[in-house]
Amino acid sequence: MPSPLDSGSPVTETSWRYAGWPVAVAAMIALMFGPSTVAVLSLGIFIRPLEADFGWSRTQIALASSIVAYTVMLISPLQGYLVDRFGARRVMLPCLPLFATAVGLMYFLPPVPWVYYAAWIAIPALGIGLFPLSYLRVVSTWFERRLGLAVGIANAGIGLGGAVLPLLLSAVIATQGWRTGFLCMALLVMLVSFPAVLLFVREKPATGPTRAASAPLSGLDFRSATRSRPFALLAGIFVLLGLINTALFVHQIPLLIDAGLTPQRAALVQSTFGLFVILGRLLTGLVIDFVAPPLVMMVLVLGASAACLIYATGPVGDIVFVCAALLGMVLGAEFDVLSVLLKRYFGMRSFGKLYGLVFAVFQLGAGAGAAMLPLLRQATGRYREGLLVFALATLLCAVLLAVLHRMTRRMASREARIEAHAAHATPTPLEST
């Protein structure tokens, strides 16, 4: 019986019977409970319980998000090297039980700050192979024409986890305590993510690290790619995106409670954020197969800037759900756009290393933003100043995306002229006689 992943099938990727679609769906399921949701997006749920139980300040507790961001920044280039060298699957499978164990051990966390901070170094470090890069590299080997949609489906797992975990953890913490919340997340990793990776997530044959040396992957080498202007713009764009997204997700619940919302309503807003992350991933993935990715991202970033301004002026009424939706769309879109642009600009030759480097830059911004927002709140007694900084950062990001879009159009026009000239200069069979 042929494998469901058998690439020998004549079915193309435009059909839902294509063997790459189960890979994309399995990646989505696995990412629901990966470190991007467990170690980053769920942290805000634990801020107030830890504040009440240990007597730590909110700034002390939230510092973990900066620690996670800078740990990920350091390990992302290594992840890129490992998946390019050994293949994503070989890196992911041993990381899953290690990551689950590290999360589960938070059940025994003592009220000692240095142990708390050390744990948030260990959790992402042991989950090094489980950040989106590994899954997106796998999915990218299967697709060309429907790459955006496939990447959007895979990346939707982070949004799905971001929508499910706040509601699930809020219920667990309310009845069983925050320690059981960590244990619950560890079990989800092993019961959901591990089987999905084990059974379905693998590179397309002839594209993994064991491919024949005579058939290397196409694209620029790492050094040439990183010296290009498009890569420099991508790095600038993603450091600004990192500045806002992690900080706003981690602090959105405390921010809304400070503004007068009940914890339950704030959790509902957070789940709305997660749902629109899913929608952002799927819609963006679908649209960027037909519309220029930088242009799509620019529109969404302007929406995020408006959301930051609304939050800065004091969110009231149902407008908080609109803001959460706008911010969720950006978080949903950013790595769909990155994956597609990296493959289109630079090919698959150094995809893992390039993605890892941009993700490291993103985490550099994330760590700065996650530290800056609570520090400004501590200094001023409110989140307003930090949110205004974020609004300006998103406006600058939109400008850079416009520059990238213009550059992409010039590059495409130049390539079209070169191809047309080459076709005109090539003699026809009659001319050559």
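The values are calculated or read from the model by the stated rules, or taken from the named source; none is laboratory data. Here the structure is a predicted model, which means the values were calculated and not measured. Counting neighbours? That spans all protein chains shown, and the Cβs are built from the backbone with ideal geometry, glycine included. Only protein heavy atoms, including side chains, enter the accessible area calculation; ligands, DNA and RNA are left aside. Shrake-Rupley method; radii C 1.70, N 1.55, O 1.52, S 1.80 Å.
Just to be sure I understand the filter: pairs with C-beta atoms under 6 Å, separated by 6 or more residues or on different chains, first member in the stretch 85-113 and farther than 22 Å from L187 by Cβ, second member open to solvent by less than 10 Å² (accessible area, probe 1.4 Å) and β-branched (V, I, T). Which pairs pass? Filtered contacts from the stretch 85-113: A88/V138; V91/V83.
In the stretch 54-66, which residue that is under 21 Å from the mean Cα position of the chain (by Cα) and touching a residue at least 60 places away in the same chain (Cβ under 8 Å) is most open to solvent (accessible area, probe 1.4 Å)? Full working, then the answer.
If we filter the stretch 54-66 for residues that are under 21 Å from the mean Cα position of the chain (by Cα), which is where we start, we get 62-66.
Now restrict to residues that are touching a residue at least 60 places away in the same chain (Cβ under 8 Å): 62-63, 65-66.
Details: A62: 1, L63: 73, S65: 6, S66: 5 Å².
Ranking the candidates gives L63 first.
The single condition among (1) among the aliphatic types (A, V, I, L, M); (2) in contact with a Cys (Cβ under 6 Å, 6 or more places away or on another chain); (3) more than 20 Å from I45 (Cβ to Cβ) that L133 does not meet is (2). The criterion of being part of a loop (DSSP other than H, G, I, E, B) and closer than 30 Å to R146 by Cβ does not hold for F335.
Hey, could you check the stretch 10-27 for residues that are open to solvent by 40 Å² or more (accessible area, probe 1.4 Å) and among the hydrophobic types (A, V, I, L, M, F, W, C) and say which is nearest to the chain's Cα centre (by Cα)? Restricting to residues being open to solvent by 40 Å² or more (accessible area, probe 1.4 Å) and among the hydrophobic types (A, V, I, L, M, F, W, C), the top hit is V25. Among the residues of the stretch 159-188, those that are touching a residue at least 24 places away in the same chain (Cβ under 8 Å), over 22 Å from R265 (Cβ atoms) and either hydrophobic (A, V, I, L, M, F, W, C) or crowded, with 23+ Cβ neighbours inside 10 Å (or both) comprise F182, L183, M185, A186, L187, L188.
Looking only at helices (runs of 4 or more DSSP H) that lie completely in the stretch 113-210, which have at least 2 residues being over 30 Å from V11 (Cα atoms)?
Values: elements: 113-126, 132-142, 147-176, 178-188, 194-200.
Once the helices (runs of 4 or more DSSP H) in the stretch 113-210 are filtered for at least 2 residues that are over 30 Å from V11 (Cα atoms), what remains is 113-126, 147-176, 178-188.
I'm checking my understanding of the structure. Among residues of the stretch 198-211 that are open to solvent by 60 Å² or more (accessible area, probe 1.4 Å) and at pLDDT below 70, which one is farthest from L147 (Cα to Cα)? The qualifying residue farthest from L147 (Cα to Cα) is T210. How about the stretch 255-312: which of its residues are of a type in the set (G, A, S), in a helix (DSSP H, G or I) and open to solvent by 30 Å² or more (accessible area, probe 1.4 Å)? Passing the criteria: only A306.
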